[in-house]
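Novice: Quick one: structure below, then a few questions.
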Amino acid sequence: MEQIPDFWRTEVFHPLSVHFPIALLVVAFLFKLIAVRYQKEVWEQGGSILLGLGVLGIWIAIYTGDLADGIVSRQLCDPTVLKEHENFAWISAWLFSAGLVVDLLKFTSLPIFRNRLFILVGILLLGGGTGTLMYTGHLGASLVYQQAAGVYVPSSNCVEFE
């Protein structure tokens, strides 16, 4: 009789840590868009808080993804998808981190960091980050649902659950 593996495996930490930053960063981008359109301080500040938490979370997701990579890559039929997933995750993390820096510069006393062009640069960074984040998620879903990356596949008769 086969044994079901423990849930708290190293490769499971990545899917546990990745979903919050995805939600936080997408909503932060939406808040920033609303703040530009309606010029309301509450949307601006809320977006900044969500962006800061999301950037922290995306770097945790990068770290846990690196931990899972060494375990999962040996079991994949097409490891090139994993490499592309990793590359786009890094691009997303850097775009959002740059967007956070631009956002934080608006809180300095220098007026150049509050002009429309600088705000547009921040929005473009967050928009690019959101686009690459969506593609990264698509690749991650492809790894899980098409190649069973990090997923325990039970036996055909499921005797290990009896």
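For (1) modelled with pLDDT of 95 or more; (2) in a helix (DSSP H, G or I); (3) within 16 Å of the chain's Cα centre (by Cα), each residue gets a yes or a no:
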{"site": "23", "(1), (2), (3)": "yes, yes, yes"}
{"site": "62", "(1), (2), (3)": "yes, yes, yes"}
{"site": "74", "(1), (2), (3)": "no, yes, no"}
{"site": "77", "(1), (2), (3)": "no, no, no"}
{"site": "82", "(1), (2), (3)": "no, yes, yes"}
{"site": "91", "(1), (2), (3)": "yes, yes, yes"}
{"site": "97", "(1), (2), (3)": "yes, yes, yes"}
{"site": "122", "(1), (2), (3)": "no, yes, no"}
{"site": "128", "(1), (2), (3)": "yes, yes, yes"}
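Novice: Right, something else. State which residue pairs qualify: first residue of a type in the set (Phe, Trp, Tyr) and inside the stretch 135-156, second residue in a helix (DSSP H, G or I) and surrounded by 16 or more Cβ atoms within 10 Å (Cβ to Cβ) in any location, beta carbons under 8 Å apart, and separation of 6 or more residues or different chains.
Specialist: Between residues of the stretch 135-156 that are of a type in the set (Phe, Trp, Tyr) and residues that are in a helix (DSSP H, G or I) and surrounded by 16 or more Cβ atoms within 10 Å (Cβ to Cβ), the close pairs are 135/88.
Novice: Taking the stated definitions as given, is residue 62 under 22 Å from residue 27 (Cα atoms) and in contact (Cβ under 8 Å) with a residue 24 or more places away in the chain? Even if it seems obvious, please write down each step before you answer.
Specialist: Working: under 22 Å from residue 27 (Cα atoms): yes; in contact (Cβ under 8 Å) with a residue 24 or more places away in the chain: yes.
Considered against the rule, which asks whether it is under 22 Å from residue 27 (Cα atoms) and in contact (Cβ under 8 Å) with a residue 24 or more places away in the chain, residue 62 comes out as yes.
Novice: Within the stretch 96-111, track down each residue that is in contact with a Ser or Thr (Cβ under 9 Å, 6 or more places away or on another chain) and either in contact (Cβ under 8 Å) with a residue 60 or more places away in the chain or crowded, with 19+ Cβ neighbours inside 10 Å (or both). Before the answer, list the steps.
Specialist: Taking the stretch 96-111 first, the residues in contact with a Ser or Thr (Cβ under 9 Å, 6 or more places away or on another chain) are 96, 100, 103-104, 106-107.
96, 100, 103 - these are the residues of the stretch 96-111 that are in contact with a Ser or Thr (Cβ under 9 Å, 6 or more places away or on another chain) and either in contact (Cβ under 8 Å) with a residue 60 or more places away in the chain or crowded, with 19+ Cβ neighbours inside 10 Å (or both).
Novice: Also: Go through the stretch 31-43 and give me each residue that's in a helix (DSSP H, G or I) and surrounded by fewer than 19 Cβ atoms within 10 Å (Cβ to Cβ).
Specialist: Our first condition is that a residue be in a helix (DSSP H, G or I); within the stretch 31-43, this holds for 31-38, 41-43.
33, 34, 36, 37, 38, 41, 42, 43, listed by residue number.
Novice: Now for a separate question. Name the residues in the stretch 143-162 that are of a type outside the set (A, V, I, L, M, F, W, C) and surrounded by 10 or more Cβ atoms within 10 Å (Cβ to Cβ), would you?
Specialist: Keep residues of the stretch 143-162 that are of a type outside the set (A, V, I, L, M, F, W, C), which gives 145-147, 150, 152, 154-157, 160, 162.
Hits for the stretch 143-162 are 145, 146, 147, 150, 152, 154, 155, 160.
Novice: Given 28, 93, which one is hydrophobic (A, V, I, L, M, F, W, C), touching a residue at least 24 places away in the same chain (Cβ under 8 Å), buried (at least 18 other Cβ atoms within 10 Å of the Cβ) and closer than 20 Å to residue 142 by Cβ?
Specialist: 93
Novice: While we're here: Of all residues in the stretch 66-81, which are of a type in the set (Gly, Ala, Ser) and in contact with a Gly (Cβ under 9 Å, 6 or more places away or on another chain)?
Specialist: Just the residues of the stretch 66-81 that are of a type in the set (Gly, Ala, Ser), to begin with: 68, 70, 73.
Answer for the stretch 66-81, where residues must be of a type in the set (Gly, Ala, Ser) and in contact with a Gly (Cβ under 9 Å, 6 or more places away or on another chain): just 68.
The values are calculated or read from the model by the stated rules, or taken from the named source; none is laboratory data. Note that the coordinates shown come from a computational prediction; the quantities given were computed from them, not determined experimentally. Heads up, the Cβs are rebuilt from the backbone with ideal geometry, glycines too, and the neighbour counts pull from every protein chain shown.
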